[in-house]
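Working notes, beginning with the structure itself.
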Amino acid sequence: MALVIGAGCATASHAPRTAHEPAIAAHHAKAAPVWPSPLPLPALDDVPRARSWSDPFLIPPLFDAWPANAHVPNATQRAGLERLAARARGVERVALLDRCAAGLEHDAELAIDHAGDADVDFDRIYAPAVAAYRALVDEPGFAAYRHADAALYRAASLLASFDAARSRELFTRLVRDHASSPIAAIAHVRLGERAASDGDHATAEREFAAALSGVPASFGDYVAVRLAWARRELGQHARALDELIAVARRSSPADVIALLLSARSYAEIGVRDDAAAFYDAIAPQHTVEVLRRLAADYAVLGRFGDAAAILADVIERAPTCEDHVERVLLLERFAPPSELEAAITALVPIARERGDACSTAADALAGRIAWTWHAHPPARADAAQVSRMWDLAIELATTPERRAIALRDRAVLQGAIVRGDRRPAAWLAAAAKIQQAVAARPDDAALADIAVDTWQAVLALAPLTASERDRVREGLTANLDGPAGARARAVLATVR
């Protein structure tokens, strides 16, 4: 960020103050948002923040006319400048105070740099600079100061972290009193950012429109995107879509953020089946990620069928476990059982290959659907579909324990065991089904333990008939050579 020190004085150029603003923002989390505010993307928290334009939160080099051999006054030099300012009047005094304020701000930045990762008291460190800028902009001779525009910008930018209302006043004063200054365009941007963060999209549109013709070319795409976004929030979807796509087309490479933001307007006015071709014609390398964004926007609008259809296009192009899981979640809201079953079947090989958090999500999802279908079957789900859904849940199980639980749950439901059911026949049917699963997976210790537990639970339902006791004895005997053999032997010894 360049600094104008004053008429007849040296000027200074140092590292952008914005480098410290994330930390300041965190420190003042309960206060108004810091300027320059981060690009607020409430619907895009999960997307990459890559930009094809230069970082919009660092001010572009607007002030090339200022001397390049400038320096910031140190504490000793500042003391001398303050003594001179005490005797000076008018513009001369303003110039000296401006130079002092710049030095104090620079000292604060150095203190932040030296603090490293330690806890920093931003209020204390920046207090001298904040006080200096507050006093500077109210000096009687300030209006005649040749660098008043730059001084206002620096004061407003710093005060944004500590007094948002005063900061807004100074930016407004800058654009009113120095409309022809190149800095005024950037002030309009800051006012637009603040309005957008406050939800005042009409003001944001006005400020970004005012800034668009005056900002440097390197900053133009950012402002154009923010302007289109404001219009999108105002419901001007056709105009916003055209403007966002125009930014993407003239960017090299195509701007990802502009494309992603355009998805919401496309969801409002575009034809779903044309979406892939539309974005392929603009930036085919980004079509998949934009379609994912479009699917999310359709879901926000409650158009779950459109969202699922778009994700189906994504899966055809670049299938991921996450895409499959998202599509299943969408289909669960409206699709018939056969379509949902097909979607989970397609998910199985990808989830099993991944073996990570997505696989765990798929496991839990399939188990929940299987249980729900069995306990409260959809109108069009038959017994065979319910059974196949349990098979999918078992196949998606990520651990032996999870697989054993799925097998047990299916057996419990299919065996008609419910809470409070004391009928031995129901428990024997469930135990037999679990034992069949053990036979298919003889090395599964967790499943074997569940089988022995179930046979033992049947014994607790006494009195049993002789035939029922024989079935329990046969079931426990089948486990003697397995991983739960010792427990099976101990339980078998209690059968009379």
Task: Proximal charge balance of G199 [Cβ under 13 Å; K/R count +1, D/E count -1] - done: -4
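Please list S213, S251 from largest to smallest accessible area, probe radius 1.4 Å, with all protein chains kept in place. Let's see the in-between values first.
Working: S213 110, S251 15 Å².
Accessible-area ranking of S213, S251, largest first: S213, S251.
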Task: Cα centroid of segment 457-489 to Cα centroid of segment 165-187, whole Å - done: 85 Å
Open item on the list: For a protection proxy built on the mean count of beta-carbon atoms within 10 angstrom, sort 430-438, 168-176 highest first, please.
Closed with: 430-438, 168-176
Open item on the list: As a test of reading the structure, rank W455, W427 by solvent-accessible area (1.4 Å probe, protein chains only), most first.
Closed with: W427, W455
Open item on the list: Given Cβ point charges of +1 (Lys, Arg) and -1 (Asp, Glu) and nothing else, what value in debye, to the nearest 20, does the dipole of segment 225-326 about its Cα centre take?
Closed with: 440 debye
- [ ] Using the Karplus curve 6.51 cos²θ - 1.76 cosθ + 1.60 with θ = phi - 60°, work out ³J(HN,Hα) for each residue of segment 318-333 in order, rounded to whole Hz, and write x for Gly and Pro.
- [x] 8, x, 10, 4, 4, 4, 4, 4, 4, 5, 4, 4, 5, 4, 4, 6
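The values are calculated or read from the model by the stated rules, or taken from the named source; none is laboratory data. Only a predicted model underlies this, so the values are computations on that prediction, with no experimental measurement involved. Note that we place each Cβ from the backbone using ideal geometry, even for glycine, and neighbour counts take in every protein chain shown. Surface accessibility is based on the protein's heavy atoms, side chains included, excluding ligands, DNA and RNA. Shrake-Rupley method; radii C 1.70, N 1.55, O 1.52, S 1.80 Å.
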